[in-house]
Amino acid sequence: MGEVRSTFELKPGAAAPAFELPDARGQRHRLPELLQGHDALVVVFACNHCPYVKHLASHLGELAADFARRNVAFVAINSNDVEAYPEDGPSRMAEFAAAHGWEFPYLFDETQEVAKAYFAACTPDFFLFNGKGELCYTGQYDGSRPGNAAPVTGAQLRSAIESTLRGVRIDPRRSRPSSGCNIKWKTGGEPAYYG
């Protein structure tokens, strides 16, 4: 399947859908704990093999480290069908995260229910929430894609985080969808909003 784009089905102001998911080592992480004490939270749907994720993965690690100093939390969620795509399995997630400097949790959504709750469609797919857990931004990291000449800067996500930290509302009409590989849904498990 070719390039897939964000759905924009989760609307600004919507509450972050709750989740409790394990990381590659089996430690469970809950949304309230990730939000607690933070001024913003970035949720990114990702995986190990997608060229779009690999394209920005190291830069994402750097951006997350920069914003960690400003009380912004990050979490990545892998919702791919690992029976069909074993390279995305938990056994490789910790290695992928370490290789790209991801100091934030990288979680496994085995049932794919979290991806469906967020209306996630592609990897990567970004969702930014304020400290109250209200959606402020969903869209692209920046205009760079594998094969185009644009540098990886994180400009759109960085701008959205800055606005959120200042309490400035982000006009959703100015958001550009993220694009990448489709989430690898289990056979017969494709959500109604997808495709």
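Brief remarks follow.
One line per residue, one yes/no per condition, for (1) closer than 27 Å to Pro151 by Cβ; (2) in contact (Cβ under 8 Å) with a residue 12 or more places away in the chain; (3) buried (at least 21 other Cβ atoms within 10 Å of the Cβ):
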| site | (1), (2), (3) |
| --- | --- |
| Ala46 | yes, yes, yes |
| Arg69 | yes, no, no |
| Ala84 | no, yes, no |
| Arg92 | no, yes, no |
| Gly101 | yes, yes, no |
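- Filter pass, Val114 being over 18 Å from Leu10 (Cβ atoms) and either of a type outside the set (S, T, N, Q) or out of contact with any strand residue (DSSP E or B) (no Cβ under 9 Å at 6 or more places or on another chain) (or both): no
- All positions within segment 161-170 that are under 20 Å from the mean Cα position of the chain (by Cα) and farther than 20 Å from Ile77 by Cα: Glu162, Ser163, Thr164, Leu165, Ile170
- Candidates Ala149, Ala192 - the one that is surrounded by fewer than 14 Cβ atoms within 10 Å (Cβ to Cβ), without any contact (Cβ under 8 Å) to a residue 12 or more places away in the chain, over 13 Å from the mean Cα position of the chain (by Cα) and closer than 29 Å to Arg28 by Cα: Ala192
- Evaluation of Ala15 against the conditions (1) closer than 19 Å to Asn78 by Cα; (2) touching a residue at least 12 places away in the same chain (Cβ under 8 Å) shows that the sole unmet condition is (1).
- Listed by position, the strands (runs of 3 or more DSSP E) enclosed by segment 55-165 that each have at least 1 residues that are more than 19 Å from Thr7 (Cβ to Cβ) and not small (Gly, Ala, Ser) are 72-78, 106-108, 125-130.
- Only one entry of Pro22, Pro32, Pro17 meets the criterion of being assigned to a loop (DSSP other than H, G, I, E, B) and either modelled with pLDDT of 95 or more or small (Gly, Ala, Ser) (or both), and that entry is Pro17.
- Qualifying residue in segment 117-130 (condition: β-branched (Val, Ile, Thr), crowded, with 22+ Cβ neighbours inside 10 Å and more than 16 Å from Ser58 (Cα to Cα)): no
- Candidates are the residues of segment 171-189 that are over 18 Å from the mean Cα position of the chain (by Cα) and either touching a residue at least 40 places away in the same chain (Cβ under 8 Å) or not in a helix (DSSP H, G or I) (or both); the one that is nearest to Leu63 (Cα to Cα) is Asp171.
- Hits in segment 171-195 (condition: charged (D, E, K, R) and in contact with a strand residue (DSSP E or B) (Cβ under 8 Å, 6 or more places away or on another chain)): Arg176
- Restricting segment 1-44 to residues that are among the basic types (Lys, Arg) and closer than 19 Å to Cys122 by Cα, the residue that is surrounded by the most Cβ atoms within 10 Å (Cβ to Cβ) is Arg5.
- Top-ranked residue of segment 134-146 - restricted to ones that are surrounded by 15 or more Cβ atoms within 10 Å (Cβ to Cβ) and not hydrophobic (A, V, I, L, M, F, W, C), ranked as nearest to Val72 (Cα to Cα): Tyr137
- If you filter segment 1-53 down to residues that are more than 16 Å from the chain's Cα centre (by Cα) and among the polar types (S, T, N, Q), you find that the one that is nearest to Thr164 (Cα to Cα) is Gln36.
The values are calculated or read from the model by the stated rules, or taken from the named source; none is laboratory data. As the structure is a prediction and not an experimental result, all values here were calculated from the model. Ideal geometry is used to build each Cβ from the backbone, glycine not excepted, and the neighbour counts take in all protein chains shown.
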